[in-house]
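The values are calculated or read from the model by the stated rules, or taken from the named source; none is laboratory data. These numbers were taken from a predicted model, which means no experiment stands behind them. Cβ: placed from backbone, ideal geometry, glycine included. Neighbour counts: every protein chain shown.
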Amino acid sequence: MKAQYKRGLFPKLLKRMREPRRFLQVLAGPRQVGKTTLARQVANELDIPVHYASADEPTLQDRAWINQQWDLARTLTRREQRTHPALLIVDEVQKVQGWSETIKRLWDEDSAADVPLRVLLSGSSPLLVQKGLTESLAGRFEIIPVPHWSYTEMKAAFGWSVEQYVYFGGYPGAASLIADENRWRRYIVDSLIETTISRDILLMSRVDKPALLRRLFHLGCDYSGQVLSYQKMLGQLQDTGNTVTLAHYLDLLKGAGLLAGLSKYAGQTVRQRGSSPKLQVLNTALMTALAHTTFSRIHTERDHWGRLVESAVGAHLLNSAIETGIEVHYWLDRNREVDFVLFAGESVTAIEVKSGRRETLLPGIAAFAKAFPAVKRQILVGAQGIPLEEFLTQPAAHWLD
């Protein structure tokens, strides 16, 4: 994986690491999207000593481990009876109990003593990383979100077609396996899905019903692109739990980069929060790896392919909207629906996705425009509208301009 394929993050991070020591730099994003590769590439470009340490071990590390790694990195700053800049990289930092308090103490010690140690942290559970940063490290860090790979990146790196991207998703580490779909599928399920759920969610967060969380994830993959009330989810999951638990588990799955629940656009935050969620995978590979189909057969399954295309658009919007202030919703009134609504400040864009080539009436868009007259932009993706490939090359912010 080459640096130039990391959506501008490489030069951005390299520039920050070359600046005088000011802030901790934090890479936050799901597993297997290139955080470690990006950190190592930046380290290779810097003309300073580097110490790399990973907390991603079967057993949790403790605070003493961070102290040990920090001391090792400090020794790199002391050369020829003078101090010189050095870099410490701590991978999967959220796995260490009490990591943020320990790093705050060490960072402040170095700041007081003018130790020129630059620090780069990474974590594959953005929710936990953000929690640790805001609780203990306020004013001392900058976050660089690392979302799933886009179509543009997968095409540039691996020469993929838009159809391959829709089916195989945006995991660069799995790209070399797609010629053997059974092997690709096992990698996605065993190395990504199971590892994320068992080590990034269940091991790091309180989950009273692990089996329910797993079933919710599988339900989300089966129903991605569909609006489902929490009560209907409980019925599908055959569980006597409550809706608050399901909403919490959906937040955990989103924080791990797996599955989100979009809220209904209503122009009123209170009503949005009380709506039934539209389930949305954050990478279409999560859907197809669990489905009983193949790449060659999926195009003949019209409904399945249409749902996959819509999910690819939704995942693209969510991933490209991270840290932009853009919200992604849906809209539904009786049987009239708008697939996605982008919202930021006074700007609102309605997006409808059609995978077929035939001209299609859009009663949902018309009803939405009538309900919200201030909406100026309405976009059709596919059919007689913007080609899917063109749409996937532009971030969410582009469609709000």
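Remark: pairs (first residue in region 335-346, in the same structural domain as Ile379 (by TED's automatic domain parsing); second residue surrounded by 15 or more Cβ atoms within 10 Å (Cβ to Cβ) and assigned to a loop (DSSP other than H, G, I, E, B); Cβ separation under 8 Å; 6+ apart in sequence or on different chains) = Val338/Tyr265; Asp339/Gly225; Val341/Tyr265; Leu342/Ala321; Leu342/Ile326; Phe343/Tyr265; Phe343/Ile326; Ala344/Ile326. Could you please let me know if Asp333 is within 22 Å of Ser229 (Cα to Cα), at pLDDT below 95 and in contact with a Phe, Trp or Tyr (Cβ under 9 Å, 6 or more places away or on another chain)? When the stated conditions are applied, Asp333 passes them.
Take the conditions assigned to a helix (DSSP H, G or I) and surrounded by 18 or more Cβ atoms within 10 Å (Cβ to Cβ) and apply them to Arg186. Does it pass?
Taking the combined requirement at face value, the residue does not satisfy it.
Note on region 132-153: residues that are more than 16 Å from the chain's Cα centre (by Cα) and part of a helix (DSSP H, G or I) amount to 6. Within region 358-391, work out how many residues are over 26 Å from the mean Cα position of the chain (by Cα), part of a loop (DSSP other than H, G, I, E, B) and at pLDDT 90 or above. Here the count works out to 2. The residues on offer are Thr102, Thr36, and the sole one that is among the hydroxyl-bearing types (Ser, Thr, Tyr) and closer than 23 Å to Ala138 by Cβ is Thr102.
In the condition set (1) within 25 Å of Leu258 (Cα to Cα); (2) exposed (fewer than 13 other Cβ atoms within 10 Å of the Cβ), Arg334 is compliant with all but (1).
Taken over region 288-326, the criterion of being closer than 22 Å to Ile351 by Cβ, of a type in the set (Ser, Thr, Tyr) and part of a helix (DSSP H, G or I) is satisfied by Ser311, Ser320. Quick check: is even one residue across region 316-337 basic (Lys, Arg) and within 21 Å of Ser150 (Cβ to Cβ)? So far as region 316-337 goes, no, none of its residues is basic (Lys, Arg) and within 21 Å of Ser150 (Cβ to Cβ). Considering the conditions (1) over 29 Å from Pro30 (Cβ atoms); (2) buried (at least 21 other Cβ atoms within 10 Å of the Cβ), Leu76 is excluded by exactly one of them, (2). For first residues located in region 365-380 and among the small types (Gly, Ala, Ser), partners that are buried (at least 18 other Cβ atoms within 10 Å of the Cβ) and at pLDDT below 90 and lie 6+ apart or on another chain with Cβ distances below 9 Å form the pairs Ala369/Val375.
Out of Ser275, Ser198, Ser205, Ser191, report the one residue that is more than 28 Å from Glu337 (Cα to Cα), polar (S, T, N, Q) and free of Cβ contacts under 8 Å to residues at least 40 places away in the same chain. From the options Ser275, Ser198, Ser205, Ser191, the qualifying one is Ser198. Considering region 227-254, the residues that are more than 23 Å from Ser125 (Cβ to Cβ) and charged (D, E, K, R) include one that is surrounded by the fewest Cβ atoms within 10 Å (Cβ to Cβ), namely Lys232.
Among the residues of region 31-62, those identified as surrounded by 16 or more Cβ atoms within 10 Å (Cβ to Cβ) and touching an Asp or Glu at 6+ places or on another chain (Cβ under 8 Å) are Arg31, Lys35, Thr36, Ala39, Tyr52, Ala53, Ala55, Asp56.
This table checks each residue for (1) of a type in the set (Gly, Ala, Ser); (2) more than 20 Å from Val328 (Cβ to Cβ); (3) out of contact with any Leu (no Cβ under 7 Å at 6 or more places or on another chain); (4) assigned to a helix (DSSP H, G or I).
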position	(1), (2), (3), (4)
Val207	no, yes, no, no
Leu212	no, yes, no, yes
Arg215	no, yes, no, yes
Gly220	yes, no, no, yes
Ser224	yes, no, no, no
Gln236	no, yes, no, yes
Thr240	no, yes, yes, no
Val244	no, yes, yes, yes
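Among the residues of region 381-393, those that are surrounded by fewer than 19 Cβ atoms within 10 Å (Cβ to Cβ) and either under 13 Å from Tyr265 (Cβ atoms) or in contact with a helix residue (DSSP H, G or I) (Cβ under 8 Å, 6 or more places away or on another chain) (or both) comprise Glu389, Thr393. Taking the conditions exactly as written (surrounded by 14 or more Cβ atoms within 10 Å (Cβ to Cβ), part of a loop (DSSP other than H, G, I, E, B), hydroxyl-bearing (Ser, Thr, Tyr) and touching a helix residue (DSSP H, G or I) at 6+ places or on another chain (Cβ under 7 Å)), does Ser275 satisfy them or not? When the stated conditions are applied, Ser275 does not pass them.
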